[in-house]
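Here is the structure we will look at, set down as structure tokens.
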Amino acid sequence: MDIGARVAEARTGAGLTQAQLASAIGIERSALAKIETGLRRVSAVELVAIGRELRRRVEWFVEPGPEAIVSYRAAHAETATQRIDTELERIVRDVEFVVESHPQLVDNQPNPSKQPGSTNDAETLAAEARGLLGLRPDTPANDLTGLVAGIGLLSFAVLLGDGADGGTVLLRTGGVSVINGDLQAGRRRLTLAHELGHYLIADPYTTDWRVASADTEALETRLDRFARALLLPEEDLRDRWSEWTASGEVRDAAVRAGSHYRVDMSTLARRLTECRVIDADTANYVRGARTRRADIVEMDLVVHHEMEPVSLPRPYERAVLDLYRSELISEDRALDLLLDTFERDELPDLPPTSQGEIWTFGPRPMTPQPMCSTPVH
């Protein structure tokens, strides 16, 4: 019954009718209907075919999944599973598998912080977070994926199309964030900063459909403020903005600030406004500014490609390669865990098999028996 319900859930999520899926895997629609309602068993061969057609691993149909996601679904049974939910579950399963052998991946998780109850609380939480990440007050939060991995949050950028900006799942230790790689670079960084806020206050499972948008929910609004304060620390922003505007136009200052802090112009304009550095008219002007190729050359700016999809946290990649090099996982499993970001010939070479291993079968070493010295009649 449970497997059948999971088949129905995956089929619905993929936008297929029973007739379409049944035809694709070579069974009658009525047979699939009975599988989904628990009136007919599903064979291993059929389940593999269903998984291949619906782009799900077999384990997804037979194992309950991450605890936080299962609890969320139980409480929101009426809510259709969205793509961010599917990607989160897939990646969380992968991370949990890898963490079993490499628990250091999610070490250094900080103690949960109190939810910010005001904008001042959000600013305070951002200052604390910068300290946890090892950032000085005047240091931009470059390589945000690497920084958050240092406190146990593994972030993945994948293509999600129109929909959620990101989502986070809290593991027993550490956490996993999935960021919509279809967003622009500055927006991706803002989303990860927002997800870091969820991680720090220990939200077990969240999916965010809009970041830095209308004030629809108090906590989300404060975590938006937290994200901006994390990426654009107020005192440093004030000093640099004063310096840049003193030696150039507002547009040039905006372009320099966007490049320095690696944020989009909308985020920059809103942060400058809430810090009372610029007025509303100037904010609208900044929001409409665009970085031109000439700006990159003339201002000697660096073009950033942080979290371009598909991207994985480097410590996680190293752990997967270590499992493969140790021959604890197969080549196909390694490529799957790396979300197909590697080609087969890009995996490391495995050590050659020694002569002694010829006699090894499974976990027990088998040694050759000595030849009998008694004459055979």
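The values are calculated or read from the model by the stated rules, or taken from the named source; none is laboratory data. All values reported here derive from a predicted model rather than from experimental measurement. In this analysis, Cβ positions are derived from the backbone assuming ideal geometry, glycine residues included, and neighbour counts consider all displayed protein chains.
Out of all the residues in the stretch 63-98, which are of a type in the set (Val, Ile, Thr) and at pLDDT 85 or above?
Ile91, Val92, Val95, Val98
Which residues, counting only those in the stretch 267-324, are surrounded by 12 or more Cβ atoms within 10 Å (Cβ to Cβ) and at positive phi?
Selection gives Met307 alone.
Based on this model, can you work out whether Val7 counts as at pLDDT below 95, crowded, with 17+ Cβ neighbours inside 10 Å and in contact with an Asp or Glu (Cβ under 6 Å, 6 or more places away or on another chain)?
Spelling it out, Val7 is indeed at pLDDT below 95, crowded, with 17+ Cβ neighbours inside 10 Å and in contact with an Asp or Glu (Cβ under 6 Å, 6 or more places away or on another chain).
Between residues in the stretch 269-281 that are part of a helix (DSSP H, G or I) and residues that are among the aromatic types (Phe, Trp, Tyr) and surrounded by 11 or more Cβ atoms within 10 Å (Cβ to Cβ), which pairs lie under 9 Å by C-beta distance while being six or more apart or on different chains?
Ala269/Tyr285; Arg271/Tyr261; Leu272/Trp241
When the stretch 293-324 is examined, which residues are found to be in contact (Cβ under 8 Å) with a residue 60 or more places away in the chain and either closer than 22 Å to Gln184 by Cβ or part of a loop (DSSP other than H, G, I, E, B) (or both)? Write out each step before concluding.
Of all residues in the stretch 293-324, those in contact (Cβ under 8 Å) with a residue 60 or more places away in the chain come to 304-316, 319-320, 322-323.
Hits for the stretch 293-324 are His304, His305, Glu306, Met307, Glu308, Pro309, Val310, Ser311, Leu312, Pro313.
So which residues in the stretch 136-153 are among the polar types (S, T, N, Q) and either under 20 Å from Val310 (Cα atoms) or touching a Pro at 6+ places or on another chain (Cβ under 7 Å) (or both)?
So the first thing to find is which residues in the stretch 136-153 are among the polar types (S, T, N, Q), and the list is 139, 142, 145.
Correct list: Asn142, Thr145.
Could you check Glu343 against (1) surrounded by fewer than 10 Cβ atoms within 10 Å (Cβ to Cβ); (2) at pLDDT below 95 and say which number it fails?
Among (1) surrounded by fewer than 10 Cβ atoms within 10 Å (Cβ to Cβ); (2) at pLDDT below 95, Glu343 violates only (2).
Quick test of your reading of the structure: Asp2 fulfils all but one of (1) surrounded by fewer than 17 Cβ atoms within 10 Å (Cβ to Cβ); (2) among the acidic types (Asp, Glu); (3) over 28 Å from the mean Cα position of the chain (by Cα). Name the failing condition by number.
(3)
Each row is one residue, and each column tells you yes or no for (1) in the same structural domain as Cys275 (by TED's automatic domain parsing); (2) under 21 Å from Glu235 (Cα atoms); (3) in contact (Cβ under 8 Å) with a residue 24 or more places away in the chain; (4) surrounded by fewer than 21 Cβ atoms within 10 Å (Cβ to Cβ).
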site	(1), (2), (3), (4)
Gln115	no, no, yes, yes
Ser118	no, yes, yes, yes
Ala126	no, yes, yes, no
Arg130	no, yes, yes, yes
Leu144	no, yes, yes, no
Gly167	no, no, yes, no
Val176	no, no, yes, no
Ile201	no, no, yes, yes
Thr206	no, no, yes, no
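Could we say that Ala157 is more than 20 Å from Met265 (Cα to Cα), over 16 Å from the mean Cα position of the chain (by Cα) and crowded, with 24+ Cβ neighbours inside 10 Å here?
Here the answer is no, as Ala157 does not meet what is asked.
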